[in-house]
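Note sheet for the following structure.
The values are calculated or read from the model by the stated rules, or taken from the named source; none is laboratory data. What you see is a predicted model; the values in this text were computed from it and never measured. Cβ: placed from backbone, ideal geometry, glycine included. Neighbour counts: every protein chain shown.
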Amino acid sequence: MALTQKLEMRQGQSLVMTPQLQQAIKLLQMSNFELQEYVEAELEKNPLLEKADQKDLDSFLTPPENDVKNQNEQSDLPLPSEGEVSKTLENMDTDLGNIYADEARADTQDRAQTPQIDSGWASLGTSSRSGNFEREGFNFEDVLSQEITLSDFLIEQMHLSIVNPAQRLIARHLIGTLSDNGYVGGNLENIADTLGAELETVHKVLKILQSFEPVGVFALDLQDCLKIQLKDKDRFDPVMEILLDNLDLLAKRDFAKLKRLCGVDLEDIYDMVGEIRELNPKPGSVFGGAIVQPVIPDVIVRPAPDGTWIVELNSETLPRVLVNNQYFATVSAKAEREQDQVYISECHSEATWLVKSLEQRARTILAVSREIVRQQDAFLIEGITALKPLNLRDIADVISMHESTVSRVTSNKYVETPRGIFELKYFFTTAIASTDGSRDFSAESIRFLIREMIDAESLDSILSDDSIVDQLRTRGVEIARRTVAKYREALKIPSSVQRRREKRAAI
């Protein structure tokens, strides 16, 4: 068959991922903190975007949450017209100017009523908004205090304990390797090679550093950390050393084997274990570590007077931005070069698309959240035992969205309910059949029942996995023993043998 070249036309459909579509998808899966950072970056680089979350603008602009709080099922939220935005921007300076004028008059009255003091501190206390040191409840430490870090605390001790410059260099390097828990990070031989120092010298400096406060820092591992603290208390002896050398047996609560290894009776083992429990396995944690970002819910669910649920977006997580059409019109009219006109046109297009994408994101999150609340109504009323099995398709089919969209919406999004704050993905669990086939149980509710059973067990009635299976079947749950074992391990609950040892030792 001869190969020839020819031209032909074909008609077809395909999905093209435009930059705007990619941006909308990217915004949809962002958490509220990531979204805030993204919007702030866009505000910096796009001159046509205006931040509109000031309280002074609430009387002019209708915030997005007023629309999303409305429980009527509407497909679109109205966008502010260009005329409304322009009018708002025109009146902004006048109204804010009045506010600043009122504040200036208030400051003048405050200064008139404040007695004059012949002191260098007088200028600091002439206004109610200034740092008046004489007002009730003022705490000087609130202004001047600064949290000291573990590194700073150790460096201060190093200057007092180590004089040799070479040893100080090694000490500074070891301080820099410390983890948040106070352990040395890295191998000492590698550290010696990096610094070009003798391994013996590194060990000598480490020995000095291990005498610093808090006791236990600069340990190489958990066993070393406990040894340092016990030596400081003068409680480290050969028997205790054997116990620390077998921490794996202690973790398993195998006291019978520890008794044989240590050559003491069981009561002595319990006493030594009690001393170990009083130690701090993470001495560096007393100075804190990285700042823990609190979970801020994206959606708030609260009961309505008629017995239903009100689902609304958290206004604190909604970045509100506007397109400054007045500025766009002014700059466009004065732009003479073609590249300037292209630039300002692109900025206007990107700003308009960002505003629409943010509103579409809010509508999508609200639609998904409402449907989740509707289908998990029993959970909000009765608790976790009433949590229904749910998958992405169950939500996507009802709200006419794709499963991938629902998956993006539920990622890194949290909802505040009367029963606590949960990630939206928490409500999606697999189904476990009942013994009679009449209903399905949520895997999360089964895990809750397993923990509830184990928490209620006594030393005389430790439940094995088979016993848990039998009890769940009496409640109508058809489940395999290996599934129970998998759920128990996921809950970090030890086996029945280890639980019996723990309860027997009262630990």
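Please report, ordered by residue number, the helices (runs of 4 or more DSSP H) entirely within the range 149-250 with at least 1 residues that are aromatic (Phe, Trp, Tyr).
Where helices (runs of 4 or more DSSP H) fall fully within the range 149-250 and carry at least 1 residues being aromatic (Phe, Trp, Tyr), they are 150-161.
Any idea which residue in the range 136-174 is modelled with the lowest pLDDT, counting only those that are closer than 16 Å to Val217 by Cβ and of a type in the set (Val, Ile, Thr)?
Ile148
Quick one: what pairs do we get from the range 29-42, first residue farther than 15 Å from Ile296 by Cα, second polar (S, T, N, Q), C-beta under 6 Å, 6+ apart or different chains?
That search, which allows pairs on different chains as well, returns Gln29/Ser411.
Could you go through the range 279-287 and let me know if any residue there is surrounded by fewer than 19 Cβ atoms within 10 Å (Cβ to Cβ) and either more than 27 Å from Ile493 (Cα to Cα) or among the aromatic types (Phe, Trp, Tyr) (or both).
yes
Tell me, please, whether a residue that is under 23 Å from Pro303 (Cβ atoms), among the polar types (S, T, N, Q), surrounded by 15 or more Cβ atoms within 10 Å (Cβ to Cβ) and at pLDDT 90 or above can be found in the range 350-365.
Within the range 350-365, not a single residue is under 23 Å from Pro303 (Cβ atoms), among the polar types (S, T, N, Q), surrounded by 15 or more Cβ atoms within 10 Å (Cβ to Cβ) and at pLDDT 90 or above.
Only residues that are of a type in the set (Lys, Arg), over 21 Å from Glu502 (Cβ atoms) and touching a residue at least 12 places away in the same chain (Cβ under 8 Å): list them for the range 463-488, please.
Within the range 463-488, Arg473, Arg475, Arg481 meet the criteria.
Taking Leu178 as meeting all but one of (1) in contact with a strand residue (DSSP E or B) (Cβ under 9 Å, 6 or more places away or on another chain); (2) touching a residue at least 24 places away in the same chain (Cβ under 8 Å); (3) buried (at least 16 other Cβ atoms within 10 Å of the Cβ), write down the number of the exception.
It fails just one condition, (1).
All but one of (1) modelled with pLDDT under 90; (2) part of a helix (DSSP H, G or I) hold for Gln293; state the number of the condition that does not hold.
(2)
Go through the range 368-402 and report how many residues are under 29 Å from Val477 (Cα atoms), over 25 Å from the mean Cα position of the chain (by Cα) and surrounded by fewer than 18 Cβ atoms within 10 Å (Cβ to Cβ).
Matching residues across the range 368-402 total 12.
Please state which of the following conditions Val264 fails to meet, knowing it meets all the rest: (1) in a loop (DSSP other than H, G, I, E, B); (2) β-branched (Val, Ile, Thr); (3) at pLDDT below 85.
For Val264, the exception is condition (3).
Of the residues Ser442, Ser400, which single one is out of contact with any helix residue (DSSP H, G or I) (no Cβ under 8 Å at 6 or more places or on another chain), at positive phi and outside the structural domain of Asp248 (by TED's automatic domain parsing)? Before you say what the answer is, go through the steps one by one.
On the way: Ser442 fails: at positive phi.
Residue meeting the stated conditions: Ser400.
If you scan the range 316-342, which residues turn out to be of a type in the set (D, E, K, R) and more than 39 Å from the chain's Cα centre (by Cα)?
Within the range 316-342, Lys334, Glu336, Arg337, Glu338, Asp340 qualify.
Looking only at the range 333-342, decide whether some residue is surrounded by 14 or more Cβ atoms within 10 Å (Cβ to Cβ) and touching a residue at least 12 places away in the same chain (Cβ under 8 Å).
no
Can you find a residue that is aromatic (Phe, Trp, Tyr), part of a helix (DSSP H, G or I) and over 26 Å from Glu359 (Cα atoms) anywhere in the range 375-382?
Yes, because at least one residue in the range 375-382 is aromatic (Phe, Trp, Tyr), part of a helix (DSSP H, G or I) and over 26 Å from Glu359 (Cα atoms).
Considering Asn190, Asn246, which residue is modelled with pLDDT of 85 or more and surrounded by fewer than 14 Cβ atoms within 10 Å (Cβ to Cβ)?
Of the residues listed, the single one that is modelled with pLDDT of 85 or more and surrounded by fewer than 14 Cβ atoms within 10 Å (Cβ to Cβ) is Asn190.
Filter the range 419-443 down to residues that are under 22 Å from the mean Cα position of the chain (by Cα) and more than 18 Å from Arg393 (Cβ to Cβ) and give me whichever is surrounded by the fewest Cβ atoms within 10 Å (Cβ to Cβ).
Out of the qualifying residues, it is Gly420.
Run Ile269 past the list (1) surrounded by 17 or more Cβ atoms within 10 Å (Cβ to Cβ); (2) in contact with a Leu (Cβ under 9 Å, 6 or more places away or on another chain); (3) at pLDDT 85 or above; (4) not polar (S, T, N, Q) and report the number of the one that doesn't hold.
Checking Ile269 against (1) surrounded by 17 or more Cβ atoms within 10 Å (Cβ to Cβ); (2) in contact with a Leu (Cβ under 9 Å, 6 or more places away or on another chain); (3) at pLDDT 85 or above; (4) not polar (S, T, N, Q), the one that fails is (3).
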